[in-house]
Amino acid sequence: HDLEDDFLEKYGDYLEDAFHEVHDEFCPDTDVLLPIAYLPNEVIITDDGYDVAFKEGVYVEVDDYPGKETKLVLLPKPTRIILQVDPQQKEVVWKAK
């Protein structure tokens with residue numbers, strides 16, 4: 001819990017603003033959660049950084065993909081928010097500046 005608290009204290013406001021932007025654009029009918037909710041339980045190390053399996057992420061209702069089990073997930077290096085549409089389709093919808 002201390003690590004979560006430290007993470008939220010340091011990055012919470014910045015990431016929460018980012019998630020509000022993403023939700024407003026892609027999934028306005030879904031509530032924004034704390035940034036730690038979007039962290040995956042497991043990451044996949046790749047040559048380019050990190051990736052994530054489709055099972056990871058927070059379910060969101062995306063108007064552009066009705067009927068799909070779309071999810072948002074927060075990944076590092078570079079810090080970014082990924083919209084997972086299905087196991088083959090992922091989109092970077094926000095990247096840290």
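Apply the Karplus parameterisation 6.51 cos²θ - 1.76 cosθ + 1.60, with θ equal to phi minus 60°, to every residue of the range 19-35 and state each ³J(HN,Hα) to the nearest whole Hz, in sequence, with x for glycine and proline.
5, 5, 4, 5, 4, 4, 7, 10, 9, x, 8, 10, 5, 7, 9, 4, x
Measure of size requested: the Rg and Dmax of the chain, with Cα atoms as the atom set and Å as the unit; please supply both.
12.9, 38
Could you work out what % of the accessible surface of the chain is carbon and sulfur, using a 1.4 angstrom probe and leaving DNA, RNA and ligands out of the count?
Ligands and nucleic acids excluded, carbon and sulfur give 47 percent.
Give the total of Lys-Lys pairs in the chain with Cα-Cα distances below 23 Å; include a pair only if its members are 8 or more places apart or on different chains.
15
Given a cut-off of under 8 Å on Cα pairs at least six residues apart, what relative contact order in percent is computed for the chain?
The value is 19 percent.
Taking the Cα centre of the range 36-97 as the origin and placing charges on Cβ (Lys, Arg +1; Asp, Glu -1), which of Gln88, Ile44, Pro76 is farthest toward the positive end of the dipole?
Pro76
Take the alpha-carbon centre of the range 1-32, take the same for the range 41-87, and report the distance between them in whole Å.
The range 1-32 and the range 41-87 have Cα centres separated by 15 Å.
With a sphere of radius 12 Å drawn around the Cβ of Ile81, what net charge do the other residues whose Cβ falls strictly inside it have (Lys, Arg +1; Asp, Glu -1)?
Residues near Ile81 contribute -1 overall.
Helix-only estimate, please: 222 nm mean residue ellipticity of the chain, summing -39500 (n - 2.57) across DSSP H runs of length 4 or more and dividing by its residues, to the nearest 500.
About -9000 deg cm²/dmol.
The values are calculated or read from the model by the stated rules, or taken from the named source; none is laboratory data. The structure presented is a predicted model; accordingly, all values stated were derived computationally and were not measured. So basically every Cβ, Gly included, is an ideal-geometry build from the backbone, and we count neighbours across all protein chains shown. Surface accessibility is based on the protein's heavy atoms, side chains included, excluding ligands, DNA and RNA. Shrake-Rupley method; radii C 1.70, N 1.55, O 1.52, S 1.80 Å.
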